[in-house]
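Undergrad: Pasting a structure below so you can have a look.
The values are calculated or read from the model by the stated rules, or taken from the named source; none is laboratory data. What you see is a predicted model, and the numbers here were worked out from it, not measured in a lab. Neighbour counts run over all protein chains shown; Cβ positions are idealised from the backbone, glycine included. Heavy atoms of the whole protein, side chains included, go into the accessibility calculation; ligands, DNA and RNA do not. Shrake-Rupley method; radii C 1.70, N 1.55, O 1.52, S 1.80 Å.
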Amino acid sequence: ELDLELAGLGSRFLAAVTDFLLKIFFTAVVGLLALMLVALLGAGGLMERPPTALIAVAIAVVYLVWLASAIYFEVKWNGQTPGKHLVGIRVIQAGGAPVDFRAAAVRNLLAMADFLPTLHVLGALLILLTPRRQRLGDMAAGTVVVRERAVDPGADPDAEFAEHASDEYAFTAAQLAALAPADRTVIREFLRRFDRMPAKGGDRLALRLADRFAEKTGYPLREPLETARDAREFLASLLRDLEAARRHG
């Protein structure tokens, strides 16, 4: 089970206002620089009576830049924009995995649907009334917005995982590249919880995960994994090499 604290309307509103003000600020700066450039080029008359088509193009460009910036930050900053980072909330997929480009694009494209009819009143009502506090974009993208809490991470379990790794398994860069960031989380959380799982259930899950990641990485097993101990060694070795690849870029 994954325990997540959903972000409320207040924190999401504050994050949205912060992002909006930042966008307005940078748009104003860029617009001022553009006006100065036009004046230097001697085309000031064009700005005194700008044609309708030019105004429409300018609005479209601003919208696309704002949309692209929201998608960029949510993908590159692991579900956060500057406003969300300031408030301490984050967008993730409903299952707990990090948000990807598709989900970020869908939820931000549909943000206009929450805004246009009633100036975000629809989005606010959906956040208040839906069980997962999702607006339309979140429902379509399969995402939720959660709060982050500062907690003591405790001892680093990497050393414990390394004890179960084996030199028998070594993964190439190409094999590791076949895994997504969410796969590392799955492996790490399984190994962390393995000792607390019921014996039979944990053993079955270890073998299933090992088979899944052997297939996904294309790792050539010398012989099928038959015991949970072998599967645990395989998964711990895979996590060891994943962590080494992350440390060395």
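Undergrad: With the checklist (1) modelled with pLDDT under 90; (2) closer than 30 Å to Leu86 by Cα; (3) surrounded by 14 or more Cβ atoms within 10 Å (Cβ to Cβ); (4) of a type in the set (A, V, I, L, M, F, W, C) in hand, flag the one item Val145 doesn't pass.
TA: Every listed condition holds for Val145 apart from (1).
Undergrad: Can you run down the residue pairs with Cβ atoms below 7 Å, 6 or more apart or on separate chains, where the first is in the range 109-126 and outside any helix (DSSP H, G or I) and the partner is modelled with pLDDT of 80 or more?
TA: Partner pairs satisfying both residue conditions: Leu110/Leu136; Leu110/Gly137; Leu110/Ala140.
Undergrad: Could you count how many residues in the range 63-88 are open to solvent by less than 50 Å² (accessible area, probe 1.4 Å), out of contact with any Leu (no Cβ under 9 Å at 6 or more places or on another chain) and among the hydrophobic types (A, V, I, L, M, F, W, C)?
TA: The number of residues fulfilling the criteria is 1.
Undergrad: Here are some residues: Arg240, Arg184, Arg232. Which one is in contact (Cβ under 8 Å) with a residue 24 or more places away in the chain and under 20 Å from Gly96 (Cα atoms)?
TA: Step by step, each of Arg240, Arg184, Arg232 is checked, and only Arg184 is in contact (Cβ under 8 Å) with a residue 24 or more places away in the chain and under 20 Å from Gly96 (Cα atoms).
Undergrad: Looking at the range 178-222 only, could you name the residues that are among the acidic types (Asp, Glu) and touching a helix residue (DSSP H, G or I) at 6+ places or on another chain (Cβ under 9 Å)?
TA: Asp183, Asp195, Asp203, Asp211
Undergrad: Only one of Val30, Val17, Val38 is in a helix (DSSP H, G or I) and either in contact (Cβ under 8 Å) with a residue 60 or more places away in the chain or surrounded by 16 or more Cβ atoms within 10 Å (Cβ to Cβ) (or both). Can you tell me which?
TA: Going through Val30, Val17, Val38 in turn, just one is in a helix (DSSP H, G or I) and either in contact (Cβ under 8 Å) with a residue 60 or more places away in the chain or surrounded by 16 or more Cβ atoms within 10 Å (Cβ to Cβ) (or both): Val17.
Undergrad: Mind counting the residues in the range 76-94 that are touching a strand residue (DSSP E or B) at 6+ places or on another chain (Cβ under 8 Å) and either of a type in the set (Ser, Thr, Tyr) or in a helix (DSSP H, G or I) (or both)?
TA: If we filter the range 76-94 for residues that are touching a strand residue (DSSP E or B) at 6+ places or on another chain (Cβ under 8 Å), which is where we start, we get 78-80, 84, 88-94.
Add one more test, that the residue is either of a type in the set (Ser, Thr, Tyr) or in a helix (DSSP H, G or I) (or both), and what stays is 84.
Going through the range 76-94 one residue at a time, the tally reaches 1.
Undergrad: Another question, then. Could you please find all residues in the range 169-202 being modelled with pLDDT under 90, farther than 24 Å from Lys76 by Cβ and either β-branched (Val, Ile, Thr) or in a helix (DSSP H, G or I) (or both)?
TA: Phe190, Leu191, Arg192, Arg193, Phe194, Asp195, Arg196, Ala199, Lys200, Gly201, Gly202
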